[in-house]
Amino acid sequence: MGIERALDWEMFGAAAVGLSLFAVTAICANVAVAHDTGPNSMGMDKATRPLEHSNGSSVATNDPIPVLALLQSPHFVPSLGVTPAAFGTGRKDVGVYHRLRSVSSGLCLDVLGGSSNNGSAIVQFTCHSGEAQQWYFGQVSSGNYQLSAKHSAKCMRVEGGSTAAGALLSQQVCARDGAGFSGTRFIPRRVGTTTPAKYQLRTHSAGMCLQVPDSTLKARAVQQPCTTASSFLWTFEPVAPPSQSDVNGRWSPVYPLPSIPSAAALLPNRKVITWSTWNAETFGGSDPVDRTYTVLFDPRNPTAPTGSIITHTDHNMFCPGTAMLADGRLVVNGGDEKKSAVTSIYDYRSNTWSRAASMNEERWYNTSVTVPDGDVFTLGGNRTSRLSGTGEIWDWLANTWNWVPGAVMDPIVSGATKENRAQEHPRLFVAPNGKLFLPGPTPNMQWYDIGSGGSVKSAGRRGDDEFSQNDVTVPFDVGKLLKTGGNPMYNFGTEDGYWPSSRNSYVIDVSSGSAVVTKIAPMKYPRTFANGVVLPNGQVLVVGGLDNGAGFSDDGAILVPELFDPATNSWTELAPMAKPRPYHSVALLLDDGRVLVGGGGLCRYDCPENHPDVQIFSPPYLFKGPRPVIQSAPSSVAYGSTFNVSTMGTVTGFALIRMSSVSHSTNTDQRYMRLASSGSGATRTISAPSSGNVAPPGFYLLFALDGDVPSKAAVVQIK
Ligand SMILES: [Cu+2]
């Protein structure tokens, strides 16, 4: 055990939460594999083989393992609001905007008139708090940044990519590459050792420096041969994020978990099951075994999570497909670095995992979705296997996986590059027409019809969007999806380059049976690996992620969440969380209207990006006054029926949100709808959803609303 680990133990020991709370038990560890002989099924021999654990000691897999203490490594100190001293010398660690103030004039770089048009001049102007003076440093290669303006999401550029002295700067689309790319890269170089730090901003293409020649208001910025005169020097002033408040929302303490929640599901008993991989800290290793670390977390008792190591299903449930079944059980199929065809099912009623039929094909990073008749369709996950990735459907009654031969991957992969990793986590949603709509990550959207052997048809292009892996796509109303962020590169950033994440945002309306794409205001921050959670008021919380596509990194973590309001198609920043939530992080709506956010990591032993913890966000609607109350509601309702609920307080409407599972920013369960109601006073009569096309069968959260303020939810099964 190294010094750092010893320190971790001490730090953990000093924490307010005691070790005893994290008893790690190996439930069901000695239950024989009963009913499956799938390709990875090697029985107890493999599952009980001793392992070289990360602390160097050899332990049997079925023994309790004190993993938690190893994981309490608070390496990460949030640097929000602090300008890093090392700008230009390597990777940064901030996800904040900066004002750029001229040392000579004291004025700030501004897009003239706050314009969002291409070609608008970059000028100096009196410093203020507006978004046209806030710049994001998006790293594109070591020490090279694109500077994008917050209001427009467009980039500062030397006009025409000119290398001439005196060339002017204006704002242009943030080109990824090609002709528009030159003139958009800047290299901050610190000059002297003053506080605050002063920087030159060197242009990559010309090797010149950004200058504003005098103190004239609205003077345009130009490039000139670099000197250290004050007209070439800039201070970078971080813009403070919103504070924790009733208006901006409030975060709970960070609650440690026994393992990293890289996947999670909200269960009908209002608890959350999370899971990770075969090891508490790393997905890789020379001898990964088929088992999974899981945690049962009760938001009402957040300091007492229960960790388990599931060995008897012989399934490493790492980067799988996930879906919630009609009866509230969770299905997890595929996953595992070695690829896996195994299907596991978690039953909240007995708190047990069991094994179901294996798929016809091994998959890693596939997507699963519960379809209107309760079966589960899965697609993709064939990048490393080189198998077909063609869709299969699990018949829940017969417990068999059957090919859907026409549900092929070609349209998803078409035109993609290796770095797009197009075969991974296709976005799949049940549309009101009963077909499966695939809005991404390819910009070539598709309709998958899984009837009659299956077929695929183009749904058109996703506007002017690019390929966007690990984006956020959330069905925020019947037939309506929010699509925001993502990155054309998956896991890029470990070589010599980064790709800034996207802020592109669209509303995609499929309620007519064809996809209508509307480009909306960009998200305030660039994000990849973020999670989107639809809230009881119909708004969408987007939380976490990175400003680049690097897996297993906290660099460029965005700590400020944003709220999307479909009434105005606009974004509002909220109070920042305490920890980065990068690759392998999760977020879920809880039944009380709060949002659970956690995870990130599984990089390697003791890497600083491992985040075995969660934090719970209370959105602003919880601080607006008394909440309505649902006193009673039926436990299940039938499609097309009406049902009564009794309420207390002011009730202006009802919302229904499907309880969901999430991994890798992928959540196919989640969906939102308002329900029509009649009556007044304590008893209201509500119309249930019409069919499984609108509301796939399963457990839902039913919220009463007083305007935008939600009740705590009743849990209702729709069938
Ligand atoms: Cu993964």
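Filtering the stretch 288-300 down to residues that are more than 15 Å from the ligand (Cβ to nearest atom) and not in a strand (DSSP E or B), which residue is farthest from Asn610 (Cα to Cα)? Looking at the filtered set, the residue picked out is Arg300.
Ile412 meets each of the listed conditions (1) among the β-branched types (Val, Ile, Thr); (2) more than 16 Å from the ligand (Cβ to nearest atom); (3) surrounded by fewer than 21 Cβ atoms within 10 Å (Cβ to Cβ) apart from (3).
Find the residue count for the stretch 374-391, including only residues that are under 14 Å from Val332 (Cα atoms) and among the charged types (D, E, K, R).
Adding up the residues that qualify gives 1.
The residues on offer are Ser368, Ser385, Ser458, Ser468, and the sole one that is modelled with pLDDT of 95 or more and either assigned by TED's automatic domain parsing to the domain that holds Asn693 or within 16 Å of the ligand (Cβ to nearest atom) (or both) is Ser368.
When every residue of the stretch 212-233 is checked against the conditions, at least one turns out to be free of Cβ contacts under 8 Å to residues at least 24 places away in the same chain, over 27 Å from Gly593 (Cα atoms) and not hydroxyl-bearing (Ser, Thr, Tyr).
Every listed requirement among (1) in contact with a Gly (Cβ under 8 Å, 6 or more places away or on another chain); (2) of a type in the set (Lys, Arg); (3) without any contact (Cβ under 8 Å) to a residue 60 or more places away in the chain is met by Lys712 save one, (3). Considering the stretch 310-329, the residues that are within 25 Å of the chain's Cα centre (by Cα) and not in a loop (DSSP other than H, G, I, E, B) include one that is farthest from the ligand (Cβ to nearest atom), namely Met324. Residues that are at pLDDT below 95 and β-branched (Val, Ile, Thr) within the stretch 127-166 comprise just one, Val140. Just one of the listed residues (Gly434, Gly335) is within 24 Å of Gly698 (Cα to Cα), under 21 Å from the mean Cα position of the chain (by Cα) and assigned to a loop (DSSP other than H, G, I, E, B), and it is Gly335.
Yes or no, residue by residue, for (1) crowded, with 24+ Cβ neighbours inside 10 Å; (2) at pLDDT 95 or above; (3) more than 27 Å from Met409 (Cβ to Cβ):
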| site | (1), (2), (3) |
| --- | --- |
| Gly453 | no, yes, no |
| Thr494 | no, no, no |
| Ile508 | yes, yes, no |
| Thr518 | no, yes, yes |
| Arg527 | yes, yes, no |
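Scanning the stretch 468-484 for residues that are in contact with a Gly (Cβ under 8 Å, 6 or more places away or on another chain) and not small (Gly, Ala, Ser) yields Gln469, Asn470, Asp471, Val472, Thr473, Val474, Phe476, Asp477, Leu482, Lys483, Thr484. Sub-8 Å Cβ pairs linking a first residue in the stretch 580-592 that is of a type in the set (S, T, N, Q) to a second residue that is within 12 Å of the ligand (Cβ to nearest atom) and in a loop (DSSP other than H, G, I, E, B), at least 6 apart or interchain, are Ser585/Ser262; Ser585/Phe529; Ser585/Gly600, ordered by first then second residue.
Residue count for the stretch 653-675, restricted to those that are β-branched (Val, Ile, Thr) and within 16 Å of the ligand (Cβ to nearest atom): 2. Only one entry of Arg671, Arg684 meets the criterion of being within 19 Å of Thr322 (Cβ to Cβ) and basic (Lys, Arg), and that entry is Arg671.
Restricting the stretch 338-357 to residues that are among the hydrophobic types (A, V, I, L, M, F, W, C) and assigned to a strand (DSSP E or B), which is farthest from Trp401 (Cα to Cα)? Ranking the candidates gives Trp353 first.
The values are calculated or read from the model by the stated rules, or taken from the named source; none is laboratory data. Since we're looking at a predicted model, the values are computed, not measured. In this analysis, Cβ positions are derived from the backbone assuming ideal geometry, glycine residues included, and neighbour counts consider all displayed protein chains.
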